[in-house]
Amino acid sequence: MSIPKYVVFNTNKLDRHNRALPTDQGDDLNELLNAYHGKAYQIMKVRTITDREEW
């Protein structure tokens, strides 16, 4: 199983800790933008721990 490049969150659906729930994932940003547009969705780029800056 590979790590997706993007994750879509629905900001109108929250978990019990008031965090947005993931809705979908994928590698094609244009496809995700066409399927999930509007204020309810946020598309976030996934970064691995090795890609992050030092904490």
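Taken together, the values in this text are just the output of simple stated rules run on the coordinates, not laboratory data. Predicted, not measured: the structure shown is a model, and the values here were computed from it. Cβ atoms come from the backbone with ideal geometry, glycine included; neighbour counts cover every protein chain shown.
At q = 0.21, 0.24, 0.25 Å⁻¹, what log₁₀ I(q)/I(0) does a Debye calculation on the Cα points of the chain give, no solvent, two decimals?
The computed values of log10 I(q)/I(0) come out as -0.83, -0.95, -0.98.
Hey, what number do you get for the chain at 222 nm if only DSSP H runs of n ≥ 4 count, each worth -39500 (n - 2.57), divided across all residues, to the nearest 500?
Result for the chain, helices only: -3000 deg cm²/dmol.
Can you list the HN-Hα couplings for segment 25-42, worked out from phi with the Karplus curve (6.51, -1.76, 1.60; θ = phi - 60°), rounded to whole Hz and with x for Gly and Pro?
8, x, 9, 9, 4, 4, 5, 5, 5, 5, 7, 10, 10, x, 5, 6, 10, 10
About its Cα centre, what dipole magnitude does the chain give when the only charges are +1 on Lys and Arg Cβ and -1 on Asp and Glu Cβ, stated in debye to the nearest 20?
Here the size comes out at about 300 debye.
Taking R0 as 22 Å, what FRET efficiency do you get between Gln42 and Ser2 from their Cβ-Cβ distance, rounded to the nearest 0.05?
0.50
Among residues other than Thr11 whose Cβ falls under 13 Å from its Cβ, what is the net charge (Lys/Arg +1, Asp/Glu -1)?
Within the 13 Å Cβ shell, the charges total +2.
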